[in-house]
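A.B. asks: There's a structure below that I have some questions on.
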Amino acid sequence: MNGFTHLHCHSVWSLLDGAIPAEALAHLAAERGFEAVALTDHDALTGAVRFSKACRAAGVKPIYGAELTVATSAAPGGARLDGGGPGHVTLIARDKIGYANLCRLISEAHLANERGSPLSSMEKIAQKADGLFVLSGCARGEIALAAAAGRMPEAAASARKWREAIGDGYRIEVFDHRGYGDHTLRDRLLRIAKEANIPAVATNDVHYAAPLAASGAGDGMRSDACVHELLHAINAIVPLSHTQALRQTSEYFLKGAPEMRDLFYDAPEAADESLRIADACDYDLDFDTYHFPELPIPKGYTPTGLLAKRCHEGARRRFDRVTKGIEDRLQHELGVIFKMGWAAYFLLVADIVDHVRDIMGIRCACRGSAAGSLVCYVLGISDVDPVRYDLLFERFMNSRRDELPDIDVDVESHRREEVLDYIGNAYGKNQTAVCCMVDTFRARMAIREVGKALGMPADEIDVVAKAFPHVRAKDIPAALERLPELSGANLKAGQLDQLFELCLAIDGWPRHLALHPSGVILSSPDLADRVPMESSFQGFTMLQADKDDAEALGLVKLDVLGVRMLSSIAHACGEIARVRSEHHGGVDVNSIPRDDAATFELIRSSRTLGCFQIESPGQRELLARFQPNRFEDLVIDISLFRPGPVKSDMVSPFLERRHGFEPVRYPHPSLAAILEETHGVVVYHEQVIRVIAAVTGCSLDDADYVRRHLGDADADDVGVGGVEVTEPEGGLAGWFVGAAASNGFSRKDAETLWREVVSFASFGFCKSHAAAFALPTYISAWLKAHYPAEFLAGVLTHDPGMYPRRLIVADARLFGIPILPIDVNASDEVYRVEQTGGKPGIRLALSEVRGISEAETGSILAARGEHPFISLEDLWRRTDLSRPVLENLIHVGALDSMSVPHLPSRSKRELLWRAVELYSEPKPRPGAQMSLALDEDGPSEVLGSLPEYTPLEETEAELDISGIDASRHIMDLYSLLTAELGCVSAGGLRAVRNNSQVWVAGVKVASQTPAIRSGQRIIFVTLDEVAGPIDVTVFERVQRRAARTVFHSWLLLVKGVARKRGGASLVHPTDPGNVGITVVAQEVFDLAELAADRKAGHSLAAAIGRQRRKQVLAGLPTQDGDLRPAGRLWHSSGGSAGR
Amino acid sequence: MTKRYDEVIVVTSDPLEEAAPVAFTWRDRRYDIDQCLMSWREAGEWWNRTRGRLGRTAEEKNGMREREYWRVLARPAGMLATGDLDSDGCMRSCGAVYDLYRDRTTGGWRLARLWD
């Protein structure tokens, strides 16, 4: 025989023990002339789908297997053996049964053991050995370990024991990696196989593509083998110089068949056996079947019958009168669902949503194209009426769709795990699981890990890593060149070559698997036969398949996404019910009118911080220009604020037409009805579908199919069903023009329309999705308009997301809401609304105190429940607070409101002093007689009277401990300096003449660097000033000097030019802020530094001069702000619209 | 008892068996190889390039270490082998065991160790 098949190959899915992607393995095998190749990752089949697709593309036969970690009899329970861990065996699936057994064995190894330490055993493998070849394993196999140590009788006994347990499928794996002693081991294993009469099979334990890099040798990293060693070091968390035990040869690569046969020149039967096994394997993944869950159906019903019944009942609930139009649409949708066999899926999703919303009381919202379905609406899955808002079912689902429709349900973020638990328990763990999400090496993490492995000094790694934003590793060299804020960091590109080269090599490779934030798989009970499962960090059953894998495998999915806004809304409703006596049961935000004047007034004023989808600086600017006044406008607004429309400048023509500055124009008069809602601008996917159908006369199903293939590179090859492609060279375009012509359009019109369709299709947005999103957007704005304190308390409790909490607090202040500081006698673990001086105020939460644990918060609340704390000593005695947390509480002012009659109140300094004394005293046992008298623990004598904090100290303490300047706006403390500089306030900016020079100052709250059409990089910064936000734009020419200050300082002073937007006249008169006005920066300074210099006696001019010199001297970074408060105080992003 | 060296040697290889040495010259003296006992490969520190640039040898300079070792039974040229085989199947010789290695990146040979 000739040739060879590699039956033992690791890929990057062996997570840190493989340096070749599964796809690359397939292509390399084909390139090196192999007919088949196996993928055998450690305890995983995570790479299987990618491998299968690549094998199909490369024309090589895939063989699926895994290297399983097993407890060995020599070391039961997986105890360490010969200095290594438990043993390894290589499993190869021969057929479908074998693959199912492989999946189940892998799942069992993971689920029955501690997370991250999968372990199987000979006994377990023996029970599921059907359809499997079991190879004795690499050098870490039980038999090889004994043989290498010279314990030949033991090795031979092990081999016989395994052979007996497994049966005919058992093989002795032989290999020679040319390391010291490898040849001897090879001979010994061959001898054992011969003596025990077990076939031997040759392998090479492949971990990477090639031994030595063909290019760049000596010029950077050495080779694939080096990358493999690097991964080992990262895995072991030690520098490479400490990995002596791992030092191997560079022979673990995909050797060619002749090389492999050379290695076994004296044992050709072992090489032949690899071919025989490969021949016997006959299984590939099934990408063509959908797998639906089983669910209990009441007697006498079929899933289709039940679904139809529920839909008709639902329609009568949703609509006052079920018109013929509604009835027809329902029948049409049900027809498609039945035809595609999806009835059970819809029933299941409806069941889940009903239970989660009605029984568990968790807010839900449907998102995505599913909102376009009347079935989803009448079943209660979605709350947007697709008839009223003219949403298209075909965008969601139609008979021509070649991808799985999926329903996305948003739930309250902090209760998402409850929902997952419920689904798992209610529908069976055997048919439900969550997809995994692959965490890959990204720039910052890669730099840290590779730097550590290379033994770079920790501080040096830190500088390099911190300098990088979250870009992919392959973008590092470009980032180093391009980003001005890195130029000051003193990084010498040359020295870091090797670091970057290695980061580049592992770029995008998986680091570990995490739970997908939404993808719940609802599949059939044999799910475990098709995909292995492991435990996620949170303890959920997680598939070794990501979203794309699951889709390829025909696994039906329900996306359950945690959305903070839903939690915020729920919190706000809870607070309304709690504190407003006029609402006994709270308000039902689901039934509020959708045309509330106050809500739209708030939206038009763009004071929408905290509102869903419309709070970003860009969105607020758009709102001010757009001036929405009905729900449909919100749907358009959400669709317009996307990278596509913004980039292609669809926004301006739309607004010009909306406000009547430009006449409305239609691509063709016959399309007026379709495009009227958006003034002739194509905004929605649904419009593209309707235009295609109207022009060509095809069905909506076909039109959606055409729309989805418009962007394809091979669009020319796409035929459209039912319609002949009349001009072969024209492909889709030819079909479109031809069909349009036979539908009565002139050829010229048809060609123009085709161009329009193609250009708009890529920017359009799914209207159903936008409409679904507009609902929580509207509800949040309604709450902010009517119950701002309750609403913002909800936003603050559930992490505002886009902005730091202190900005939400500043916003609340602008709404006239009193801010009540953290107080051990009043604060809860969440933000509460409290009546103060006759109006609702927001009481800051205890959880904001740095370092406080849930247990500590709990102990405060429990003790306070008995009676309020009367003194520091009382608090100390009755709670279990650690010293740093108690000190933080004092520091932030949480004890300030306590006072004891007849005793002078103590300053924070005195309390801190006393706290030190308390922690050196033994604590009285709980339950001991507690004295309320304070004579025994009054202030100690050494303590004179220490002064209270100054306002600056107080605010600094608040920012340090909670990140929130509760007593006053931080900028209040700089009012003298900003007055001296002549800074314009946020309120004053509107009065400033266009293009005049101004100074502004504020706290940086957000910076965005979106992609801009011209290719120029622009930084948008939002500064928060006492009177509101100020938007600053930093163009490229200023960035060289200013970028470092912009990115690294917190309090900014900007000299610039006030620019008013063309549409500034549209800004609503009640706008207190400056939407439509931006300050184009000329210079940016660090305000805190300036203040310090002023304090030190420098003149204003001298202080500014100092900063200018610093910025000009390249490589001399400006100091970070003097105030470095705890936590995340500003937001920065690449400019995505966020969720 | 072994002695460690790291000295340049000149090796004559068997043209039939790729790279397998048949004789070498060390300190101006030629040694004939009677038997290759074993061969293995080693890969070494490649990551410390700062040191590499200041290194003496080629492999230190280019930051790579890829060695192919040969453990051989050899005797100074001119001294006769006895031709007897011992119980392990090794040829009895008046020579000694030498570890030689070839730098796979440059092709140069060095003597690493002498077992006597």
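A.B. asks: Can you work out the Karplus-derived ³J(HN,Hα) for every residue in region A:834-839? Use 6.51 cos²θ - 1.76 cosθ + 1.60 with θ = phi - 60°, whole Hz, and x for glycine or proline.
C.D. replies: Once θ is set to phi - 60°, the couplings for region A:834-839 become 9, 6, 9, x, x, 9 Hz.
A.B. asks: How far apart, in nanometres, would the label points at A:Glu854 and B:Met79 be if each is projected 7 angstrom from Cα along the Cα-to-Cβ direction?
C.D. replies: 7.8
A.B. asks: Assuming 0.36 nm per residue, please report the length gained on full extension of the stretch A:Glu35 to A:Arg1109 beyond their Cα-Cα distance.
C.D. replies: 379.9 nm
A.B. asks: Can you give me the distance in nm between label points at A:Asn995 and B:Tyr5, each placed 7 Å from the Cα along the Cα-to-Cβ direction?
C.D. replies: 8.6
A.B. asks: Still on this structure, please answer the following. So which aspartates and glutamates can A:Lys1060 reach, going by Cα to Cα under 12 Å and dropping same-chain residues fewer than 8 places off?
C.D. replies: Counting by Cα, and skipping residues close in sequence, A:Lys1060 has these aspartates and glutamates nearby: A:Glu621, A:Asp1031.
A.B. asks: Work out Dmax and Rg for region A:297-372 from the C-alpha atoms and quote the Rg first, both in angstrom.
C.D. replies: Cα only, region A:297-372: 13.3, 35 Å (Rg, Dmax).
A.B. asks: Past 30 Å, Cα to Cα, is the threshold; run A:Lys255/A:Lys557; A:Lys452/B:Lys3; A:Lys124/A:Lys429; A:Lys339/A:Lys547 against it and keep the listed order.
C.D. replies: A:Lys255/A:Lys557; A:Lys452/B:Lys3
A.B. asks: Taking a ≥ b ≥ c as the square roots of the Cα gyration tensor eigenvalues, with a/c under 1.5 meaning rounded and otherwise prolate when a/b beats b/c, else oblate, which class fits region A:353-445?
C.D. replies: Numbers: a/c = 1.78, a/b = 1.26, b/c = 1.42.
It comes out oblate by the Cα gyration axes.
A.B. asks: Set the Förster radius R0 to 41 Å, insert the Cβ-Cβ distance between A:Asp595 and A:Thr950 as r into 1/(1 + (r/R0)^6), and round the FRET efficiency to 0.05.
C.D. replies: The calculated FRET efficiency here is 0.20.
A.B. asks: Within 10 Å of each residue's Cβ, count the other Cβ atoms and sort A:Lys1055, A:Lys908 from fewest upward.
C.D. replies: A:Lys1055, A:Lys908
A.B. asks: If the cut-off is 19 Å between C-alpha atoms, which lysines fall inside it for A:Lys194, apart from same-chain ones fewer than 8 positions away?
C.D. replies: Cα-Cα hits under 19 Å: A:Lys161.
A.B. asks: Can you compute the modelled spin-label distance between B:Ala20 and A:Ser920, with each label point 7 Å from Cα toward Cβ, in nm?
C.D. replies: Spacing of the two 7 Å Cα→Cβ label points: 8.1 nm.
A.B. asks: Assuming 0.36 nm per residue, please report the length gained on full extension of the stretch A:Ala1102 to A:His867 beyond their Cα-Cα distance. Let's see the in-between values first.
C.D. replies: Working: separation 235, 0.36 × 235 = 84.60 nm, distance 5.68 nm.
Here the segment from A:Ala1102 to A:His867 would lengthen by 78.9 nm.
A.B. asks: Going by how many other beta carbons lie within 10 Å of each one, how would you line up A:Leu379, A:Leu814, fewest first?
C.D. replies: Ranking A:Leu379, A:Leu814 by Cβ neighbours within 10 Å, fewest first, gives A:Leu814, A:Leu379.
A.B. asks: List, in the order given, every pair from A:Lys1055/A:Lys1095; A:Lys784/A:Lys1055; A:Lys767/A:Lys1004 whose Cα-Cα distance in the structure shown is over 23 Å.
C.D. replies: Pairs exceeding the cut-off: A:Lys784/A:Lys1055; A:Lys767/A:Lys1004.
A.B. asks: Exposure proxy check: B:Met79, A:Met445 ranked by fewest other beta carbons within 10 Å?
C.D. replies: Starting with the residue having the fewest Cβ neighbours, the order is B:Met79, A:Met445.
A.B. asks: Using 1/(1 + (r/R0)^6) with R0 = 60 angstrom and r between the beta carbons of A:Val758 and A:Lys96, what's the FRET efficiency to the nearest 0.05? Before the final figure, lay out the partial values.
C.D. replies: Values: r = 44 Å, r/R0 = 0.73.
Step by step, r from the Cβ atoms, then E = 0.85.
A.B. asks: By a straight-distance test (C-alpha under 18 Å), which aspartates and glutamates pair with A:Lys923 as possible cross-link partners, with residues fewer than eight away in the same chain excluded?
C.D. replies: Within the straight-line limit of under 18 Å, A:Lys923 reaches these aspartates and glutamates: A:Glu856, A:Glu873, A:Asp874, A:Asp880, A:Glu887, A:Asp935, A:Glu936, A:Asp937.
A.B. asks: Size of the dipole of region A:234-347 about the Cα centre, Lys and Arg at +1 and Asp and Glu at -1 on the beta carbon, nothing else charged, in debye to 20?
C.D. replies: Here region A:234-347 has a charge dipole of around 1540 debye.
None of the figures in this text is laboratory data; all of them are computed from the coordinates on show. What you see is a predicted model; the values in this text were computed from it and never measured. Glycine also receives a Cβ, built like all others from the backbone with ideal geometry; neighbour counts cover every protein chain displayed.
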